[in-house]
1. Condition test on S143, is it more than 16 Å from the ligand (Cβ to nearest atom), at pLDDT below 90, within 16 Å of Q190 (Cβ to Cβ) and of a type in the set (G, A, S)?
2. Look at region 91-116 and say how many of its residues are out of contact with any Asp or Glu (no Cβ under 8 Å at 6 or more places or on another chain) and in contact (Cβ under 8 Å) with a residue 60 or more places away in the chain.
3. Checking R136 against (1) more than 11 Å from the chain's Cα centre (by Cα); (2) surrounded by fewer than 23 Cβ atoms within 10 Å (Cβ to Cβ); (3) within 14 Å of the ligand (Cβ to nearest atom), which test does it fail?
4. May I ask you to verify whether V52 is within 16 Å of the ligand (Cβ to nearest atom) and either in contact (Cβ under 8 Å) with a residue 40 or more places away in the chain or over 23 Å from P236 (Cα atoms) (or both)?
5. Under 6 Å between Cβ atoms, which residue pairs at least 6 apart in sequence (or on different chains) link something in region 228-242 that is within 16 Å of E129 (Cα to Cα) and of a type in the set (F, W, Y) with a partner that is at pLDDT 75 or above and part of a loop (DSSP other than H, G, I, E, B)?
6. Return yes or no: is T247 away from the ligand (no atom under 16 Å from the Cβ) and at pLDDT below 75?
7. Anything in region 94-122 that is in a helix (DSSP H, G or I) and either of a type in the set (S, T, N, Q) or under 13 Å from the mean Cα position of the chain (by Cα) (or both)? List them, or say none.
8. With the structure loaded, tell me whether E251 is within 23 Å of L27 (Cβ to Cβ) and crowded, with 20+ Cβ neighbours inside 10 Å or whether it fails that test.
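The values are calculated or read from the model by the stated rules, or taken from the named source; none is laboratory data. Note that this is a predicted model, so its numbers are computed, not measured. Cβ: placed from backbone, ideal geometry, glycine included. Neighbour counts: every protein chain shown.
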Amino acid sequence: MVDMPARRATAFAVAILVVAACETVPLTGRHQFLLFPEGQEVQMGVTAYRDVLKKGRVSADPALNDQVTRVGHRIAQATGRNDYHWEFKVLDDKQVNAFCLPGGKVAVYTGILPLTRDDAGLAAVLGHEVSHAIARHSGERLSQQLGLQLGLVGAQLALSGRDPRMAQLGTTALGALATGAILLPFSRAQESEADHLGLIYMAKAGYDPTAARDLWVRMSQSSKGQKPPEFLSTHPSDENRIKQIETWLPEARQYYQPTTPADPTTPGAYWYFCPSANDYYPTVQTCPEAWVKVPPRS
Ligand SMILES: [Zn+2]
């Protein structure tokens, strides 16, 4: 006779596997195994984002906010994910750090800005971070963790017979997992993929991808002889990484079209103004607020 908790655990595992899907990462074409629909990751991203913003100090500096939203929206547009509710915040914090949570929730710490230096350097950081979200790396980590836990819980249940305490274990393990997993560090393979995709997105957004190589060189120089910045502890930087970026540069440059600053006074063309990005765009793509259509000048 099969005991009930074990049967329930098996049913749960089967249910999860039934909804699991094999997805493909954009541009790299890598196949990945995901246990959750993207909407669930996005929901966790929103919750984690609100939490970080509540605990941190959101910068009110208009110049910094302007730069981060302007560059951020260009990168967001380049990804083609118009369905994400993109949000860009600057956190007044000396940590050398930045992140993008599932669903396009981005934060840049003021501590990283001396290293990014200009729009192109910032585009390199944002391109990399946004790529983690686009390639659903958090969902992948979460799926791996859950797969391990399911195996473990299933085994414990099978061994435990009818012990009702064990029946609780599944739920508890899953709960703990869901809160922590969204912020888990990425694997080296995921870091490489984010570097690769990031170069392409920044190039598509109109920034010279060479700036990414220069940024990582500055990053590794800044960490010499002292404690590496937080960004480096989660983003391992070494000669291999810089070499790898150099091998991808020719590919990324094919997407690179240097853009002149948007000119809403171009005769005969409609432009769209996004208030939060404080910038004009030739087409409507991503803007968390309503676009303002600017009529063509005759
Ligand atoms: Zn990364």
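1. Yes, satisfied.
2. Number of matching residues: 4.
3. With respect to (1) more than 11 Å from the chain's Cα centre (by Cα); (2) surrounded by fewer than 23 Cβ atoms within 10 Å (Cβ to Cβ); (3) within 14 Å of the ligand (Cβ to nearest atom), R136 is out only on (1).
4. Considered against the rule, which asks whether it is within 16 Å of the ligand (Cβ to nearest atom) and either in contact (Cβ under 8 Å) with a residue 40 or more places away in the chain or over 23 Å from P236 (Cα atoms) (or both), V52 comes out as no.
5. Close Cβ pairs (under 6 Å, with a partner that is at pLDDT 75 or above and part of a loop (DSSP other than H, G, I, E, B)) amount to F231/V96; F231/N97.
6. no
7. Within region 94-122, T110, T116 qualify.
8. Against the criterion (within 23 Å of L27 (Cβ to Cβ) and crowded, with 20+ Cβ neighbours inside 10 Å), E251 does not qualify.
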